[in-house]
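> Questions regarding the structure given below will be posed in turn.
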Amino acid sequence: MYAVIRTGGKQYRVAPGESVRVERLPGEVGDPVELPDVLLVAGEGEPRVGTPRVPGAVVHARIAAQGRHRKIVVFKAKRRKNYRRKQGHRQEYTELLIDRIEGV
């Protein structure tokens, strides 16, 4: 069984027992999280596709870690104009451990 959820402006395919890194969510490590924005539930039988959400479907997860991705460097330059800009960025994330999918 699996589901497609939407969080942080992105969509993720999740299944029970998996871990997934999503955009930062508030909470401490070990806190339970409910993700009600379920777009598709599939597994046994015919998949249920929401318009835009599957009614009554919820994904239950626990926060496994809060962290930051590795640094990326954003470098802009215009040739012959003496224009250079260097900037770094580290995106924060929340690692979720999927417990169960309800509303099948």
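> State yes or no: is E95 in contact with a strand residue (DSSP E or B) (Cβ under 6 Å, 6 or more places away or on another chain) and either among the hydroxyl-bearing types (S, T, Y) or surrounded by 12 or more Cβ atoms within 10 Å (Cβ to Cβ) (or both)?
Yes; evaluated as a whole, the condition is true for this residue.
> Which one of P16, P55 is touching a Lys or Arg at 6+ places or on another chain (Cβ under 6 Å), assigned to a loop (DSSP other than H, G, I, E, B) and surrounded by fewer than 17 Cβ atoms within 10 Å (Cβ to Cβ)?
P16
> Conditions: (1) modelled with pLDDT under 95; (2) hydroxyl-bearing (S, T, Y); (3) within 13 Å of I98 (Cβ to Cβ). T51 meets all but one. Number of the miss?
Here T51 meets the rest and fails (3).
> Oh, and also: Just to be sure I understand the filter: pairs with C-beta atoms under 9 Å, separated by 6 or more residues or on different chains, first member in segment 22-35 and at positive phi, second member part of a strand (DSSP E or B). Which pairs pass?
Cβ pairs passing all conditions: G27/V33; G27/I63; G27/Q66; G27/T94; G30/R62; G30/I63; G30/A64.
> While we're here: Among residues belonging to segment 19-52 that are β-branched (V, I, T) and surrounded by fewer than 16 Cβ atoms within 10 Å (Cβ to Cβ), point out the one that is nearest to A3 (Cα to Cα).
V49
> Considering only segment 26-52, how many residues are in a strand (DSSP E or B) and of a type outside the set (D, E, K, R)?
Within segment 26-52, residues that are in a strand (DSSP E or B) and of a type outside the set (D, E, K, R) number 9.
For (1) within 21 Å of R13 (Cα to Cα); (2) of a type in the set (S, T, N, Q); (3) more than 19 Å from the chain's Cα centre (by Cα), each residue gets a yes or a no:
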| residue | (1), (2), (3) |
| --- | --- |
| T51 | yes, yes, yes |
| A57 | yes, no, no |
| A61 | yes, no, no |
| A64 | yes, no, no |
| H69 | yes, no, no |
| I72 | no, no, yes |
| F75 | no, no, yes |
| Y83 | no, no, yes |
| Q87 | no, yes, yes |
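> Output the qualifying pairs, or none if there are none: Cβ atoms under 8 angstrom, residues six or more apart or on different chains, first residue in segment 69-97 and under 21 Å from L35 (Cβ atoms), second residue among the hydroxyl-bearing types (S, T, Y).
What qualifies is H69/Y93; E95/S19; L96/S19; L97/S19.
> For segment 1-21, which residues satisfy the criterion of being free of Cβ contacts under 8 Å to residues at least 60 places away in the same chain and of a type in the set (K, R)?
Hits for segment 1-21 are R6, K10, R13.
The values are calculated or read from the model by the stated rules, or taken from the named source; none is laboratory data. Remember, it's a predicted structure, so these values are computed and weren't measured experimentally. Neighbour counts are summed over all protein chains in view; Cβ atoms, including those assigned to glycine, are modelled from backbone coordinates with ideal geometry.
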